[in-house]
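Report on the following structure.
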Amino acid sequence: MEPKVIFNHHLKNVKPSVVGKFLEIANEYKEIISLSVGEPDFQTPWHIRQAGIEALEQGKTFYSPVRGLLALRQEISEYMAKRFNTLYQPKTEILATVGSSEAIEMAYRTLLNPGDEVLIVQPSYLVYEPMVYMAGAIPVIIETFEKDGFRLKPEQLKEKITSKSRLLILPYPCNPTGAIMEKEDLESIAEVIRETDMLVLSDEIYAELNYSDISHVSIASIEGMRERTIVTSGFSKAFAMTGWRIGYACAPEEIISAMTKYHQYAIMCAPTISQFAGIEALKNGAGDIVAMRNEYNMRRRYIVDRLLKMGLSCYEPKGAFYVFPNISSTGLNSEDFCEKLLKQKQVAVIPGNAFGECGEGFVRISYSFSLKHIIEAMNRMEEFIQELSREN
Amino acid sequence: MEEVLKLLMQNARLTHSEIAVLLGKEEREVAKIVEKLEEDGVIKGYQAIINYEKLPHIPVFALIECKVMPKAEYGFQEIADRVMALDEVESVYLMAGNYDLAVFVKGNTMQEVANFVAKRLSTLESILSTSTRFVLQRYKQNGIILGEKEISDPRNMVL
């Protein structure tokens, strides 16, 4: 008898990403300047790499405790308290994960039941929505707008809340918009949430990349929110450690225990060597963050200035490392714009609709590239825009 | 000021307006800072970094290690002044270690450099001995890699 492969029906319902189709086109070109990648262009700072090397040298190549090395969880606890004024017990309220991606997945897997509704702010990281489907729950999209600085407004949230709402995904600082939520914004959201029995998953992976005068505020630091919030974060963006696959979740004990149970069976533990590197990053990496942030900030200012001079409308991003200009004035939709830009000028950016339908009319430009690259890419994009307006 | 300097060290051709955008300052403010840096002699000049291999004639570069007898009142300053006044000399450094002055020279031919060492440098009064090292290949200059090789982006687009 022939084997019959039957796929998980949740997986079958997940649509392939717009990015995949776009990458196929991009791969045909050689002299491409790609402003599409979503990871830092910096290498992991040397002292952090060295901590990884030392762990290898000393043969620390075994499984770690399921929740992660206690020393790492202690560092995370101290860091969260110092930077974001949120207190988490290292032994019971922190779980080290395989990147923050796993932390998000574990939260979904442990908190969602079929039929539950998950409120997702969009445009946002394109993983949140399909993974909700995978967990058998129902995504409910809340669209944010350029005119609001892509912030979530309390009235928008209220409108979407039903008796089935279980979880709100709060993705700030936001990939792809670069939007942030300041303390007052979060307080107004907390006011709505506190009236419900919902939880919040606050993805704070870009917390250290905030270019406004005040640093990142975590919703968990707002009154009455700690007990209903799961903060997910990691080392990838702050310390340029994407390949190490190391992140964490911080939440009340009951939630972390449940996540740990799942994590133990599915993953066992986060990579041990990466955990040692993570300890070093948190102990001695504050200066690296500042240096990288300053560099990103220069590029951010440069790109925004160039885009405005091209005549595009562009929200000035306050966080992450993306600019999300509005290209609807060119008369092209996001995908056509990106495809033409790629084919005519060999510059790759990502169509905004990859991050939700409301991202249509926008493109995501990543500035995790050297200034030299960025200058050349902006020159080409300017030519492209000028040629488009001549055609019309 | 330091930020402006850092940018100019990376690329001296950035305009004041570009630097202003990068640093979130006013163009006038940047102009003032640069002017001050030049006036104070912090910025001594702006030069192109040349890959001579691309030119029809490749000059000869050499490092000449000089042992020097310092003079009682002047120390090394007097001999340094005399050496750096010579046109062939590109850089002069006082070194710690086995020799005293590191003198970098540029000439058209090896013979020219040899003549320079024999007739002009080693004849200077306080120079005790010289040792000439010819440069075989220049790979990197002032932080810029001279060869063609572009370092490719090792990142994979995963999402």
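Just so it is clear, none of the values below were taken in a lab; they were calculated from the coordinates. Because the structure is a prediction, the values reported are computed rather than measured. In this analysis, Cβ positions are derived from the backbone assuming ideal geometry, glycine residues included, and neighbour counts consider all displayed protein chains.
The figures follow:
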{"quantity": "GNM top mover of A:G331, A:G356, A:G136 - chain A, alpha-carbon springs below 10 Å", "calculated": "A:G331"}
{"quantity": "Mean ellipticity per residue at 222 nm, deg cm²/dmol - from DSSP H runs of n ≥ 4 across chain A, formula -39500 (n - 2.57)", "calculated": "-13000 deg cm²/dmol"}
{"quantity": "Rel. contact order, % - alpha carbon contacts under 8 angstrom, at least six apart, the range A:115-228", "calculated": "26"}
{"quantity": "The range B:52-141 - percent relative contact order, Cα under 8 Å, separation 6 or more", "calculated": "41"}
{"quantity": "Projected-area mean, the range A:162-312, by convex hull of Cα positions, square nanometres", "calculated": "11.7"}
{"quantity": "Charge tally in the Cβ shell below 10 Å around A:T242, where Lys, Arg are +1 and Asp, Glu are -1, A:T242 excluded", "calculated": "+2"}
{"quantity": "Counting DSSP beta bridges with both ends in chain A, the antiparallel % (nearest 5)", "calculated": "45"}
{"quantity": "Ranked B:F104, A:F337, criterion: other C-beta atoms within 10 Å, fewest first", "calculated": "B:F104, A:F337"}
{"quantity": "Check: the range B:52-141 dipole with +1 on Lys, Arg Cβ and -1 on Asp, Glu Cβ, in debye", "calculated": "320"}
{"quantity": "Whole-Hz ³J(HN,Hα) from phi, Karplus 6.51 cos²θ - 1.76 cosθ + 1.60, for the range A:53-65, glycine and proline x", "calculated": "4, 4, 4, 5, 4, 7, x, 7, 10, 9, 4, 9, x"}
{"quantity": "Residue order, fewest to most beta carbons within 10 Å, for A:W46, A:W244", "calculated": "A:W46, A:W244"}
{"quantity": "In degrees, nearest ten, helix A:253-266 long axis to first principal axis of chain A (Cα)", "calculated": "80"}
{"quantity": "Under 19 Å from B:K36, Cα to Cα: aspartates and glutamates that are on another chain or at least 8 residues apart", "calculated": "B:E2, B:E3, B:E18, B:E26, B:E27"}
{"quantity": "Cross-link partners of A:K4 among lysines (Cα-Cα below 17 Å; sequence separation of 8 or more within a chain)", "calculated": "A:K12"}
{"quantity": "Selection of chymotrypsin sites (Phe, Trp or Tyr not before Pro), the range A:49-104, meeting DSSP coil and at most 16 other Cβ within 10 Å", "calculated": "A:F62, A:Y63"}
{"quantity": "Using θ = phi - 60° and Karplus 6.51 cos²θ - 1.76 cosθ + 1.60, couplings along the range B:115-127 (whole Hz; Gly, Pro as x)", "calculated": "4, 4, 5, 5, 9, 10, 8, 6, 7, 5, 3, 7, 7"}
{"quantity": "Over the range B:1-147 - Rg/Rh using Cα atoms and the Kirkwood inverse-distance radius", "calculated": "1.07"}
{"quantity": "Among B:L128, B:L37, B:L136: highest mean-square fluctuation, GNM of chain B, C-alpha pairs under 10 Å", "calculated": "B:L37"}
{"quantity": "Zone of B:F134's modelled label, taken as backbone nitrogen in the range B:90-120 under 12 Å from a point 7 Å along Cα→Cβ", "calculated": "B:107-115"}
{"quantity": "Least to most buried among B:K25, B:K36 (fewest other Cβ within 10 Å first)", "calculated": "B:K36, B:K25"}
{"quantity": "Between the range A:299-329 and the range A:213-262, the alpha-carbon center distance in angstrom", "calculated": "29"}
{"quantity": "Note, ³J(HN,Hα) from phi for the range B:136-141, Karplus 6.51, -1.76, 1.60, rounded to Hz, x at Gly and Pro", "calculated": "8, 8, 9, 9, 9, 9"}
{"quantity": "Other protein chain Cβ atoms within 10 Å, averaged over every residue that makes up A:299-308", "calculated": "2"}
{"quantity": "Candidate aspartates and glutamates for bridging to A:K30, where Cα separation is under 17 Å - those fewer than 8 sequence places away on the same chain excluded", "calculated": "A:E339, A:E376, B:E148, B:E150, B:D153"}
{"quantity": "Using alpha carbons only: equivalent-ellipsoid semi-axes of the protein assembly as shown, gyration tensor based, whole Å", "calculated": "53, 29, 23"}
{"quantity": "Partner chain coverage, peptide B:18-26 - average Cβ within 10 angstrom", "calculated": "4"}
{"quantity": "Sequence-distant residues sharing a close amide H with A:G234 (under 5 Å, placed H)", "calculated": "A:Y248"}
{"quantity": "Viscosity 0.692 mPa s, temperature 37 °C, Stokes-Einstein D of the range A:46-285 from Kirkwood C-alpha radius, µm²/s", "calculated": "182"}
{"quantity": "For peptides B:58-64, A:91-97, A:54-60, A:31-37, sequence by mean Cβ density within 10 Å, most packed first", "calculated": "A:91-97, A:31-37, B:58-64, A:54-60"}
{"quantity": "Too-long pairs where the Cα-Cα distance tops 28 Å, listed order kept, from A:K153/A:K318; A:K309/A:K343; B:K6/B:K140; A:K158/A:K340", "calculated": "A:K158/A:K340"}
{"quantity": "Relative contact order (%) - criterion: Cα under 8 Å, at least six apart; region: the range A:46-285", "calculated": "31"}
{"quantity": "Nearest 10 degrees, 0 to 90: helix A:371-391 Cα axis against chain A principal axis", "calculated": "50"}
